[in-house]
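FYI, it's all coordinate maths here, none of it is from the lab. Remember, it's a predicted structure, so these values are computed and weren't measured experimentally. Quick reminder, even Gly has a Cβ in these numbers, built from the backbone with ideal geometry, and neighbours come from all protein chains shown.
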Amino acid sequence: DAKTTQPNSMESNEEEPVHLPCNHSTISGTDYIHWYRQLPSQGPEYVIHGLTSNVNNRMASLAIAEDRKSSTLILHRATLRDAAVYYCILRDSGGTSYGKLTFGQGTILTVHP
Amino acid sequence: NAGVTQTPKFRILKIGQSMTLQCTQDMNHNYMYWYRQDPGMGLKLIYYSVGAGITDKGEVPNGYNVSRSTTEDFPLRLELAAPSQTSVYFCASSYSVWWGGYYPSSSSGQFFGPGTRLTVL
């Protein structure tokens with residue numbers, strides 16, 4: 001499985017934008033880029049996913065590099081509730097591998113008031 | 001919708017005991033998953049199911065068994081509990097619709113339950 005590399009931790013101030021990077025230099029053409037987050041003592045929560053184009057939803061934006069070897073999750077205005085571990089995951093989009101998520105260590109995001 | 005529910009929330013087992021972790025989803029999702037998360041680590045996939053009657057192993061299936069007799073339920077069975085199985089267990093579900101071919105026509109992200117914290121002493 002292709003792997004992702006994320007910083008161990010990042011910090012932000014409330015109301016400011018946050019850019020969470022992810023490197024995936026061995027990504028294959030059939031891999032979707034997924035982001036999940038996990039708040040303390042809770043199960044993971046789906047945030048966003050994309051293949052090639054930038055994606056927006058109510059929670060965040062996903063910016064994907066043209067060569068797809070890196071991506072950035074953008075939280076436009078961080079709140080204290082956004083403090084969590086953020087996981088960048090490559091997911092095969094089809095075939096017999098479909099459905100599996102391989103979680104790495106993720107990035108611990110701290111948001112300061 | 002309740003989403004994905006798991007019972008129990010907490011459990012302490014003695015070495016060698018057995019138990020079943022329950023997972024139910026009410027979203028009519030065809031895919032269901034079991035993960036475990038050890039302290040300070042990411043989640044590891046134990047088993048998953050692509051529909052009723054179909055299950056497959058994930059990364060760490062040893063010591064566990066699953067069954068999927070209905071769309072809604074996906075219980076995880078621990079036989080002969082060992083201290084190495086002390087962990088938080090998460091159940092998840094998702095949907096995908098296939099109209100033939102390699103890629104799904106439509107799919108969702110995975111929805112997770114609140115977890116079961118298991119300690120084996």
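Taking the fewest neighbouring Cβ atoms within 10 Å as the starting point, the ordered list for A:V47, B:V4 is A:V47, B:V4.
Measuring gaps between exposed loop sites in chain A (GluC sites (Glu not before Pro); DSSP loop; at most 11 other Cβ atoms within 10 Å), the longest gap, sites not included, is A:16-65.
The loop-placed trypsin sites (Lys or Arg not before Pro) in region B:1-95, going by DSSP, that have at most 12 neighbouring Cβ atoms within 10 Å of their Cβ come out as B:K9, B:K14.
Among rounded, prolate and oblate, which fits the protein assembly as shown when a ≥ b ≥ c are the square roots of the eigenvalues of its C-alpha gyration tensor, a/c under 1.5 means rounded, and a/b larger than b/c means prolate? Oblate, because a/c is 1.5 or more while a/b does not exceed b/c.
Take every Cα pair under 8 Å whose residues are at least 6 apart in sequence, average their separation, divide by the length of chain A, and the relative contact order is 35 percent. For the residues of A:37-47, the average number of beta carbons from a partner chain within 10 Å of their own beta carbon is 5. With θ taken as phi - 60° and the Karplus curve 6.51 cos²θ - 1.76 cosθ + 1.60 applied, the whole-hertz 3J(HN,Hα) list for region B:31-42 is 9, 9, 9, 10, 10, 10, 10, 7, x, x, 10, x Hz, x standing for glycine and proline.
As a length-normalised measure over Cα pairs under 8 Å and 6 or more apart, the relative contact order of region A:1-62 settles at 22 percent. Among the trypsin sites (Lys or Arg not before Pro) found in region A:50-80, those both in a DSSP coil and sparsely packed, with 13 or fewer other Cβ atoms within 10 Å of their Cβ, are A:R58, A:K69, A:R77. Counted by Cβ distance under 12 Å from B:N62, the other residues give a net charge of +1, where Lys and Arg count +1 and Asp and Glu count -1. Remark: the protein assembly as shown carries a charge dipole of roughly 520 debye about the Cα centre, counting +1 on each Lys and Arg Cβ and -1 on each Asp and Glu Cβ. Taking the fewest neighbouring Cβ atoms within 10 Å as the starting point, the ordered list for B:W34, B:W98 is B:W98, B:W34.
What translational diffusion coefficient, in µm²/s and rounded to a whole number, does the Stokes-Einstein relation yield for region B:7-46 at 25 °C and a viscosity of 0.890 mPa s, taking the hydrodynamic radius as the Kirkwood radius over Cα pairs? Value of D from the Cα-based Kirkwood radius: 192 µm²/s.
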